[in-house]
1. If a residue must be under 27 Å from the mean Cα position of the chain (by Cα) and not in a helix (DSSP H, G or I), how many such residues does region 127-180 contain?
2. Read through the list (1) in the same structural domain as residue 48 (by TED's automatic domain parsing); (2) within 23 Å of the chain's Cα centre (by Cα), then give the number of the only condition that residue 115 fails.
3. Taking the residues in region 129-141 that are without any contact (Cβ under 8 Å) to a residue 12 or more places away in the chain and surrounded by 11 or more Cβ atoms within 10 Å (Cβ to Cβ) as candidates, determine which candidate is nearest to residue 168 (Cα to Cα).
4. With (1) surrounded by 15 or more Cβ atoms within 10 Å (Cβ to Cβ); (2) under 22 Å from the mean Cα position of the chain (by Cα) as the list, and residue 120 as the residue in question, which single condition is left unmet?
5. Looking at (1) part of a helix (DSSP H, G or I); (2) surrounded by 11 or more Cβ atoms within 10 Å (Cβ to Cβ), which one does residue 85 not meet, given that it meets all the others?
6. Take the conditions exposed (fewer than 12 other Cβ atoms within 10 Å of the Cβ) and at pLDDT 95 or above and apply them to residue 126. Does it pass?
C-alpha cells in the first residue's frame, strides 16, 4: 500500500501485528542460515529495521503480497550483506539463499500444523509424562540426575522418554490425518 493510505498509527498497528505473528519464523529462518546465535540475533535486528523502514512498500493486495515471503526475502538479503561484511569464508550463493527462503515458506503451513498438533498432544499426556519431558528437555538437564531424583535408573528414564515420543508421534499423525 502507498504510505499515504495508512495513517502513522495504522501503519504501526499493522506492522506490529505482522511482526508479532511472524517474528519466530523469521528468527528460525535466519538462525538456519547463520548458526552463530549472536550473528543471527544481529541480522534479525537489522532485518526488523529494514522491514519497518520499508513497510510502506509492502502491499498485501499485490500478487505475492505475503508478508512472510516478503520478510524472508529481506532477511535473505540481510544475511547476504552480513556475510559479505564479515567476509565469511563459507557463504551461500544468492540463489541458495533464495531457494532456502522459498523452501522455508512452502513448509510453514505443515510446520505450523505439526506445532499445533504437538501442543494439543502434549496437553493430553498424563501429568507425570509431561513433567518428565519438561525435566529432560530443560536447558542443562541431565538424565542421570533426573533418574536419581526419581529413584529410577537412567535406562528406565530413557525407555519412558522413548515411549512418550512414540505416543506423541502417533497422536500428531492422527491429528494431521484428521485435518486432511
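The values are calculated or read from the model by the stated rules, or taken from the named source; none is laboratory data. The shown structure was predicted, so the numbers you read here are calculated from the model rather than taken from an experiment. FYI the Cβ positions are ideal-geometry reconstructions off the backbone, even for glycines, and counts take in every protein chain you see.
1. Number of matching residues: 7.
2. (1)
3. Restricting attention to region 129-141, the residues satisfying the condition of being without any contact (Cβ under 8 Å) to a residue 12 or more places away in the chain are 130-131, 134-135, 137-141.
Okay, now just the ones that are also surrounded by 11 or more Cβ atoms within 10 Å (Cβ to Cβ), so 130-131, 134-135, 141.
On the way: 130: 11, 131: 14, 134: 14, 135: 17, 141: 21 Å.
Applying the filter and picking the extreme gives 130.
4. Among (1) surrounded by 15 or more Cβ atoms within 10 Å (Cβ to Cβ); (2) under 22 Å from the mean Cα position of the chain (by Cα), the lone unmet condition for residue 120 is (1).
5. For residue 85, the exception is condition (2).
6. Answer is yes for this residue.
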